[in-house]
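Okay, so here's the structure we're looking at.
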Amino acid sequence: MSQPALASAPTLTVIDGKPTTLSTELAHHFGKNHRDVLRAIENLLPSLTPEHLRNFAQVSVEIEGGQGAKAAYPAYRLTRDGFTLLAMGFTGKKALAFKLAYIDAFNRMEAALH
């Protein structure tokens, strides 16, 4: 059975030596509405310890509208752990492909250690 193809990988930006991505990129990657991703993050945050909250930094992104108008919208900057934690809760074909790829990568790493 072939796995569904993922959208191109989210853009990464290194902040304080750690690769991060924006919630807007995550939404695009998984084909979700950004407002739904924001809701998923905001539902997850109250359950996290302060150590894990550091994986989700609230930011503002500027989006161009029609005729050159720009507006600022809320977003989150996620670390790899934040991205993974959030994505593991997603459902659908793209989310399943991500989970399977994550498991495969972990299994390859474990095999290399033996």
* Structure fact -> Filtering region 17-53 down to residues that are in a helix (DSSP H, G or I), hydroxyl-bearing (S, T, Y) and surrounded by 10 or more Cβ atoms within 10 Å (Cβ to Cβ) yields S23, T24
* Asked: Quick one: would you say F90 is outside any helix (DSSP H, G or I) and either among the polar types (S, T, N, Q) or surrounded by 12 or more Cβ atoms within 10 Å (Cβ to Cβ) (or both)?
  -> yes
* Kindly provide the set of residues from region 12-55 that are of a type in the set (D, E) and either closer than 14 Å to L78 by Cα or at pLDDT below 95 (or both), ordered by number. => D16, E25, E42, E51
* **Cβ pairs under 7 Å, 6+ apart, first in region 59-87 and aromatic (F, W, Y), second modelled with pLDDT under 90 and part of a strand (DSSP E or B)** => Y73/I63
* To do: Go through region 54-75 and count every residue that is outside any strand (DSSP E or B) and surrounded by 14 or more Cβ atoms within 10 Å (Cβ to Cβ).
  => 1
* Of all the residues that make up region 93-114, how many are without any contact (Cβ under 8 Å) to a residue 40 or more places away in the chain, surrounded by 13 or more Cβ atoms within 10 Å (Cβ to Cβ) and more than 25 Å from V14 (Cα to Cα)? -> 0
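The values are calculated or read from the model by the stated rules, or taken from the named source; none is laboratory data. Keep in mind the model is a prediction, meaning the values are calculated, not measured. Cβ: placed from backbone, ideal geometry, glycine included. Neighbour counts: every protein chain shown.
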